[in-house]
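**Student:** Sharing a structure, written as structure tokens. Questions coming.
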Amino acid sequence: KAGVTQTPRYLIKTRGQQVTLSCSPISGHRSVSWYQQTPGQGLQFLFEYFSETQRNKGNFPGRFSGRQFSNSRSEMNVSTLELGDSALYLCASSLSGLEDTQYFGPGTRLTVL
Amino acid sequence: QKEVEQNSGPLSVPEGAIASLNCTYSDRGSQSFFWYRQYSGKSPELIMFIYSNGDKEDGRFTAQLNKASQYVSLLIRDSQPSDSATYLCAARGSNSGYALNFGKGTSLLVTP
């Protein structure tokens, strides 16, 4: 069974721009979660989607948003990029929600200049 | 206050030795705990999870949970250089919609 896929793998943007990241979960998995990983803060939960609905949200500003499509694929968007948004963005999928074991994708490395 | 705490290391052990990685958590409502391994430049991969007090063994790995002490550990027996990585402890929090709360990880170096 194919794992979680994320595109693109690397992105370079400048401050003020916006960016959209994509995640395709493991086949059959309906829950997609997003995490931000930085050296200073470690892995932090952004939000979780299930059946096209955001069920849980971490403590991030409204510039971070996401959505999920009917095929469970998910996108996250960051608007008005700041230097501090430079991070590895990880998507994790699970069968039916956060209560299930989560499997991570390879991540998207975002650099904001 | 960070909810999951880990010693950042690096923890250095010789090849063949037992590596002991520790983690404490503050949310008493946490019910399940996970250990992920992350190689440099890669994403976290699940090693094992534990829900109940006591030990859980999977091959060379043993997870230990003590809910009264709010303490989780991971033992790696017969450590190999390929085990050199950062090990992330995560607790599923009851006060955060069941999102995983991660520690910052412990760097393990297994020397030949």
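Derivation of every value follows stated rules applied to the coordinates shown; laboratory data play no part. Computed from a prediction, not measured in an experiment: that's the story for all the values here. Counting neighbours? That spans all protein chains shown, and the Cβs are built from the backbone with ideal geometry, glycine included.
**Student:** Within 10 Å of each Cβ in peptide B:101-107, how many partner chain Cβ atoms are there on average? Round it to a whole number, please.
**Tutor:** Values: counts 5, 7, 2, 6, 3, 0, 0.
Other-chain Cβ atoms within 10 Å of each residue's Cβ, averaged: 3.
**Student:** Alpha carbon centre of segment A:49-106 versus segment B:57-112: separation in Å?
**Tutor:** If we compute the Cα centre of each part, the gap is 24 Å.
**Student:** Turning to a different aspect of this structure: In vacuum, with every alpha carbon of the protein assembly as shown counted as one equal point scatterer, what does the Debye formula give for log10 I(q)/I(0) at q = 0.07, 0.08 Å⁻¹? Two decimals, please.
**Tutor:** Cα-only, vacuum Debye calculation for the protein assembly as shown: -0.22, -0.29.
**Student:** How do B:ASP83, B:ASP78, A:ASP85 rank when sorted from fewest to most other Cβ atoms within 10 Å of their own Cβ? Please list the in-between numbers first.
**Tutor:** On the way: B:ASP83 18, B:ASP78 12, A:ASP85 21.
The order, fewest Cβ neighbours first, is B:ASP78, B:ASP83, A:ASP85.
**Student:** Here is a follow-up. Using amide H atoms built in the peptide plane, which far-off residues or other-chain residues are under 5 Å from A:GLN17 H to H?
**Tutor:** The list, which skips near neighbours in sequence, is A:LEU81.
**Student:** Distance cut-off 24 Å, Cα to Cα: go down the list B:LYS67/B:LYS104; B:LYS42/B:LYS104; B:LYS42/B:LYS67; A:LYS57/B:LYS67 and report the pairs above it.
**Tutor:** Values: B:LYS67/B:LYS104 20 Å; B:LYS42/B:LYS104 15 Å; B:LYS42/B:LYS67 31 Å; A:LYS57/B:LYS67 26 Å.
Violating the 24 Å limit, Cα to Cα: B:LYS42/B:LYS67; A:LYS57/B:LYS67.
**Student:** In addition: Per-residue counts of other Cβ atoms within 10 Å, averaged by peptide: what ranking do you get for B:19-30, B:58-69, highest first? Spell out each step's value before the answer.
**Tutor:** Details: B:19-30: 18.2, B:58-69: 14.6.
The packing order, highest mean first, is B:19-30, B:58-69.
**Student:** What Kirkwood radius, in Å to one decimal, follows from the Cα pairs of chain B? Each step should come with its number before you reach the end.
**Tutor:** Working: mean 1/r = 0.0717 Å⁻¹.
When all Cα pairs of chain B are included, the Kirkwood radius is 13.9 Å.
**Student:** Related question: In vacuum, with every alpha carbon of chain A counted as one equal point scatterer, what does the Debye formula give for log10 I(q)/I(0) at q = 0.15, 0.17, 0.18, 0.19 Å⁻¹? Two decimals, please.
**Tutor:** Taken in order of the listed q values, log10 I(q)/I(0) reads -0.57, -0.73, -0.82, -0.91.
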